[in-house]
Amino acid sequence: MAKQLAGKTALVTGGSRGIGRAVALRLAADGACVAVNYRSDRAAADDVVAQIVAHGGSAFALQADVGDPAQIEAMFTAFDAQTDGLDILINNAGIGSMATLAETDEALFDSQFRVNAKGPFFVTRAALSRLRDGGRIVNLSSMVAQVAYPSCVAYAMTKAAINHFTRSMAAELGARGITVNAIAPGATITDFAPDLFNDPATVDFLASVAALKRVGQPDDIARVAAMLAGPDGAWVTGQVIEASGGMHL
């Protein structure tokens, strides 16, 4: 039986670690050839590629800081040299910090918007000429953009921007049969916020406010991404899908 993404090519930004890594591995398991973007950790990206190849899949690594449009263009030049088009774009790369309004200076504010909002905007802009009709775009948002989290206000603002970008692109690209959706994870254990998840009391609290009484794992988010990227997601577009285990219900 053919895998559901056989013959498809995917690009996962920030694909060397955390949720991006899990998504890259899952899309490859479903049959896609996966371009694994990384900013600085080539060894981590190569490890993802090696795992995919070891399981019979196809993948290659692409370096770029997605907050820099010049590096994005260079990444797509390298992408074009290895494949003839794009079917699935996963805008996952992001940075964040736990900082209130008073704790957020201009440099921190700008750095988060540069990667989390400017990055997906210009990656998508560059991808559109390569993205085949009927393709998929999945943006990584966050639950904190949908409820009040003053402890990470700038980060939440970047993800609110992603939610609007998702709906706007779904409206623009629908005529080409391209779906655009966002996933809004809740608390998910990655190295994105190690201090948060190294505290057992914090993990217990986050689990307690979820209906399913646990915190998320990267594979939980990867399964949602795989659905949206595959044939079962063909009639879903312009949506921000919370994948949080039912936090704060």
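The values are calculated or read from the model by the stated rules, or taken from the named source; none is laboratory data. Here the structure is a predicted model, which means the values were calculated and not measured. Here Cβ is always computed from backbone atoms with ideal geometry, including for glycine, and neighbour counts include all displayed protein chains.
Residues in the range 146-174 that are at pLDDT below 95 and either in a helix (DSSP H, G or I) or not hydroxyl-bearing (Ser, Thr, Tyr) (or both): Gln146, Val147, Ala148, Pro150, Cys152. Could we say that Val215 is in contact with a His (Cβ under 8 Å, 6 or more places away or on another chain) and either surrounded by 13 or more Cβ atoms within 10 Å (Cβ to Cβ) or among the small types (Gly, Ala, Ser) (or both) here? The answer is no for Val215.
For Pro200, the stated conditions hold: it is at pLDDT below 95, farther than 24 Å from Thr104 by Cα and either more than 17 Å from the chain's Cα centre (by Cα) or not hydroxyl-bearing (Ser, Thr, Tyr) (or both). Among the residues of the range 116-141, the ones that are part of a helix (DSSP H, G or I) and without any contact (Cβ under 8 Å) to a residue 40 or more places away in the chain come to 1 in all. Go over the candidates Ile19, Ile52 one by one and state the one that is touching a helix residue (DSSP H, G or I) at 6+ places or on another chain (Cβ under 7 Å), more than 19 Å from Val138 (Cα to Cα) and β-branched (Val, Ile, Thr). Every option except Ile52 fails the conditions. Condition check for Ala182 on (1) within 30 Å of Ser129 (Cα to Cα); (2) surrounded by fewer than 15 Cβ atoms within 10 Å (Cβ to Cβ): one failure, at (2). Among the residues of the range 79-121, write down those that are within 25 Å of Asp232 (Cα to Cα) and either touching a Phe, Trp or Tyr at 6+ places or on another chain (Cβ under 7 Å) or of a type in the set (A, V, I, L, M, F, W, C) (or both). Across the range 79-121, the qualifying residues are Leu86, Ile88, Leu89, Ile90, Ala93, Pro120. Taking the criterion of being touching a Lys or Arg at 6+ places or on another chain (Cβ under 8 Å), surrounded by 20 or more Cβ atoms within 10 Å (Cβ to Cβ) and in contact (Cβ under 8 Å) with a residue 60 or more places away in the chain, the residues of the range 56-115 that qualify are Phe79, Leu86, Asp87, Ile88, Leu89, Ala93. Taking the range 229-240, which residues are surrounded by fewer than 17 Cβ atoms within 10 Å (Cβ to Cβ) and within 13 Å of the chain's Cα centre (by Cα)? If the condition is that a residue be surrounded by fewer than 17 Cβ atoms within 10 Å (Cβ to Cβ) and within 13 Å of the chain's Cα centre (by Cα), then no residue fits. Return a yes/no flag: does the range 83-106 have any residue that is among the acidic types (Asp, Glu) and either touching a Ser or Thr at 6+ places or on another chain (Cβ under 7 Å) or assigned to a strand (DSSP E or B) (or both). The answer is yes; a qualifying residue exists.
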